[in-house]
Amino acid sequence: MKKQIIAAAVAASMSAVAIADVAITGNAKYEFDATDANGANTTTSNTEVNLSIKGKTGDTGVVANLEFNTHGNDASGAIDVEDLYMTTKVADIAVKAGNWATGTSALLGEIDNGGRSTNKIDLRTSLSGITVYAGNSGAETGTGDTQLNGNMYAGIVLSDVAGQKIEIKKNSQTLNSAGIQGKLAGVSYRVEQADHDTEGTTTFAQVATELSGLKLNYSVLDADNAAALDEDDSSLFAISTGTAANATATGQKQVWARTGIDGTTVDLKVGTVENGLDATTDRDYSQIKATRKLASGANAVITYTDQDLAVGDQQNLEIELNVSF
């Protein structure tokens, strides 16, 4: 009997350790969207749930990010495996392998669409504040195999150069990039440049500061060629430059102000997508968003966007309830 009790206790402790190394987090949102384009009204709704499953043993971890989405009025829904990768260490080299998206905060994040692709691999190591990395962006041949030619990259990050972060990267055979970011006299700045062999030069820059509780941000994009701008899910610009609606766009300028009013965060964005309507006509826009945390633990977000169309204009109202857990 004693042996059975000891065995049960050991099994329970082992299970507790195993469970402690697995974490499940996520978020969910419900969206209602109403659009008026020159008197033509449309309404849509959508429910989305995201789950992030993370497991870890020693220096090795596995991440699976899943999206459950009704995709508008399609009640059948869909499951999308968004990120699926592992991280580990080989001596002093950090290894990341699988499928993941590059965020818009990364180098060239507001210029290129950091889309997901299978079989990526990233190797990096650091020494005295200098990070060196190399990898493969994971583009496929169409048969499921990863093609090495043209998809290899390498770069270096200097994390503290007089308080600045500098990154230089060879993105591919046809693209080189560099960026610098830091803070000076209370003003944060970020400047990045992409040099394409066929599409010329593209520059992104932003400055941000805070005055008496009012956060201010000015951002600009400028490209020699519209084909160089393909970011379509920006976290910074109210209207992403690289969308089908802005197929001729060669840049964008935006002023963003944020403040708090009685527990509600208010964001105001006003900007212009250069050549956003056609090769000679800009697309002006404005957006106001109010975000408030509810007593229930959820967040309520109301966003109103007004933008130019080729003929007339379009107004969009989006109401969202979201929660993270």
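In table form, for the structure just shown:
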{"quantity": "Per-residue HN-Hα couplings for the range 61-66 [Karplus 6.51, -1.76, 1.60; θ = phi - 60°; Hz; x = Gly/Pro]", "calculated": "x, 10, 10, 10, 10, 10"}
{"quantity": "Environment charge at Val81 (Cβ cut-off 12 Å; Lys +1, Arg +1, Asp -1, Glu -1)", "calculated": "-3"}
{"quantity": "Rounded to whole Hz, the Karplus (6.51, -1.76, 1.60) HN-Hα couplings of the range 283-299, x for glycine and proline", "calculated": "10, 8, 8, 8, 8, 10, 9, 10, 10, 9, 7, 8, 4, 6, x, 7, 10"}
{"quantity": "Along principal axes, Cα extents of the range 240-325, largest first, whole Å", "calculated": "49, 24, 22"}
{"quantity": "All-pairs alpha carbon distance profile, the chain, 10 Å steps from 0, percent", "calculated": "5, 18, 28, 29, 13, 4, 2, 1, 0"}
{"quantity": "Charge tally in the Cβ shell below 11 Å around Arg124, where Lys, Arg are +1 and Asp, Glu are -1, Arg124 excluded", "calculated": "0"}
{"quantity": "Inter-part distance where the range 173-190 and the range 99-121 are each reduced to a Cα centre, Å", "calculated": "17 Å"}
{"quantity": "Per-residue HN-Hα couplings for the range 217-232 [Karplus 6.51, -1.76, 1.60; θ = phi - 60°; Hz; x = Gly/Pro]", "calculated": "9, 10, 10, 9, 10, 8, 10, 6, 9, 4, 5, 7, 10, 10, 5, 10"}
{"quantity": "Cα-based Kirkwood hydrodynamic radius, the range 45-138, one decimal, Å", "calculated": "15.2 Å"}
{"quantity": "Rounded to 10°, Cα long-axis angle of helix 2-20 versus longest principal axis of the chain", "calculated": "20 degrees"}
{"quantity": "Rg and Dmax [Cα atoms of the range 167-325; Å; Rg one decimal, Dmax integer]", "calculated": "17.6, 54"}
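The numbers here are math on the coordinates, done by the rules we state, and not lab data. Here the structure is a predicted model, which is why all the values come from computation and not from measurement. Here Cβ is always computed from backbone atoms with ideal geometry, including for glycine, and neighbour counts include all displayed protein chains.
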